[in-house]
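Reading through the structure tokens given below for one structure.
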């Protein structure tokens, strides 16, 4: 009988809620009850996935072994791309009400700034490059949103066994009132680094697990400094190692520091040792203020991924699929991008609008992203925590030169997480008119946000008009382009597809059957999307471009949608 911890986690800034076990009707059924999708794990990846599935009309069961959201701040920083996904999930404003935003970071060596991380940010970006919000707060907001959308959430429910066949998966679930079984067409493992789903399938990660360990220590302090991440190479209290410090909401600061090899895990987590290190660091940076410990944990930076995220009727998402270093805020942000990629494809399969082979594109696209991140994050990890004497010599050389020479400072860049370009995906269509575009997001790239009336306080953004659906954007007022797109969109809707048709014009003239007409009075959106002479963009429901073409092309929206939903194995040649 599963009895999770039911005392609220201690916190100075967040009130934990215990979610009771509610006996489902499945427990009294003589045979396992059928469900289209079961998501295992209610962390950020699982919650965003469930929300996106619900937004695409798919009823899913979301099971979580714990009785409350995660303890501590854990994953803290959201990228701009993650916030765009959170906005599509309907809770961006709730996040921002509690969050801190930032764009700058600094690396220090011998009390000198040796690198300034200045993340790109323009008036066309609705969200800051980085948004800091403790994971527990994120999860509470996402839980409320999932419930609002009717997601069947089952807390205090642990996965015990799983039987997968070609037709579906039968799960045995343990609860405070005993166990029961349910059957799902599809199961998605979003249950984190120690995934029960992955263990039950006997799957193993590939990649590299680094020996370096880091302590994360959150502490309360009334320190009024700008939000942003600070990296300290070899502070006097931690010779030969690295520490990071950054600000969280609620009067919390985080110290994230490397553990020397001769210190055991138990010693590293000793409260007296942690207290001494925090005080030593505050002394080092000249801060003389009272403080108290909030939360601590220990982790190892890994660059690990499953070779595939699609195993029969079971799929993987977030940390269940990959383990990535926190340097460059990659772990949770990568999981959120997994979720929005998978949700629309799985919904299309459940609704019989796409072949199941489209799920292979989820795996190939997201595994490629994880592997690229492993390469980039591995470089960051080796610079932050050199694993060998050779890398240590290289780090010291770079740091020493960076004191007086700018040319080496770029090597200290944290290689911050960025959204992948699905240019090589089998779903991406490259039209013969591609060379006509001098600007704009290329096929496979995420949509570029645009402030439609720059400088106007209440100016709308392009992505404000997006919903969980295919987006067909027709730029300009070419009648033939509009009529062809309109005909195909109306026909697709007759087949049950969710497709939005939008016109982006300088004068905002109404267009027949448009879901939205976006007024672009300065031609700003047309310029940034490279469509001054008229063009069509087709965007996937995860906001990545799957095709674009100019007025001289014979391509039709129907061709592109058919190509995507059939999961074609070859991209049309230019």
Exception for residue 336 within (1) outside any helix (DSSP H, G or I); (2) at pLDDT 95 or above falls at (1)
* In this structure, does residue 480 turn out to be assigned to a helix (DSSP H, G or I), more than 21 Å from the chain's Cα centre (by Cα) and at pLDDT below 95? -> yes
Those residues of the range 184-199 which are buried (at least 19 other Cβ atoms within 10 Å of the Cβ) and touching a strand residue (DSSP E or B) at 6+ places or on another chain (Cβ under 8 Å) amount to 184, 186, 187, 188, 189, 190, 191, 195, 196, 197, 198
Take residue 286 and tell me if it is in the same structural domain as residue 362 (by TED's automatic domain parsing) and farther than 18 Å from residue 193 by Cβ.
no
When the range 299-314 is checked residue by residue, the ones that are at pLDDT 95 or above and under 24 Å from residue 71 (Cα atoms) are none
Note: among 11, 65, 70, 82, just one is within 20 Å of residue 182 (Cα to Cα) and either assigned to a loop (DSSP other than H, G, I, E, B) or at pLDDT 95 or above (or both), namely 65
Flagged pairs (Cβ under 8 angstrom, 6 or more apart or on separate chains; first in the range 1-26, assigned by TED's automatic domain parsing to the domain that holds residue 178 and farther than 25 Å from residue 160 by Cα; second exposed (fewer than 11 other Cβ atoms within 10 Å of the Cβ) and at pLDDT 95 or above) are none
Listed by range, strands (runs of 3 or more DSSP E) wholly within the range 206-246 having at least 1 residues that are closer than 14 Å to residue 256 by Cβ and more than 27 Å from the chain's Cα centre (by Cα) are 229-233
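Residue-by-condition table, conditions (1) part of a helix (DSSP H, G or I); (2) surrounded by 18 or more Cβ atoms within 10 Å (Cβ to Cβ):
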{"position": "106", "(1), (2)": "no, no"}
{"position": "143", "(1), (2)": "yes, yes"}
{"position": "146", "(1), (2)": "yes, yes"}
{"position": "156", "(1), (2)": "no, yes"}
The residue from 118, 124 that alone is out of contact with any helix residue (DSSP H, G or I) (no Cβ under 8 Å at 6 or more places or on another chain), surrounded by fewer than 21 Cβ atoms within 10 Å (Cβ to Cβ) and over 28 Å from residue 315 (Cβ atoms) is 118
Filter the range 28-55 for residues that are part of a loop (DSSP other than H, G, I, E, B) and surrounded by fewer than 24 Cβ atoms within 10 Å (Cβ to Cβ); the one that is farthest from the chain's Cα centre (by Cα) is 30
**Asked** Of the residues that make up the range 443-456, is at least one surrounded by 17 or more Cβ atoms within 10 Å (Cβ to Cβ), touching a residue at least 24 places away in the same chain (Cβ under 8 Å) and at positive phi?
**Response** yes
Conditions (1) buried (at least 22 other Cβ atoms within 10 Å of the Cβ); (2) over 23 Å from the mean Cα position of the chain (by Cα); (3) within 30 Å of residue 374 (Cβ to Cβ) -> residue 164 fails only (1)
Counting only residues in the range 202-215 that are modelled with pLDDT of 95 or more and crowded, with 18+ Cβ neighbours inside 10 Å, the one nearest to residue 294 (Cα to Cα) is identified as 215
message: Among the residues that make up the range 342-352, is at least one of them part of a loop (DSSP other than H, G, I, E, B), modelled with pLDDT of 80 or more and either on the phi > 0 side of the Ramachandran plot or surrounded by 22 or more Cβ atoms within 10 Å (Cβ to Cβ) (or both)?
response: yes
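The values are calculated or read from the model by the stated rules, or taken from the named source; none is laboratory data. The structure presented is a predicted model; accordingly, all values stated were derived computationally and were not measured. Here the Cβ is made from the backbone with ideal geometry for all residues, glycine too, and neighbour counts use every protein chain on show.
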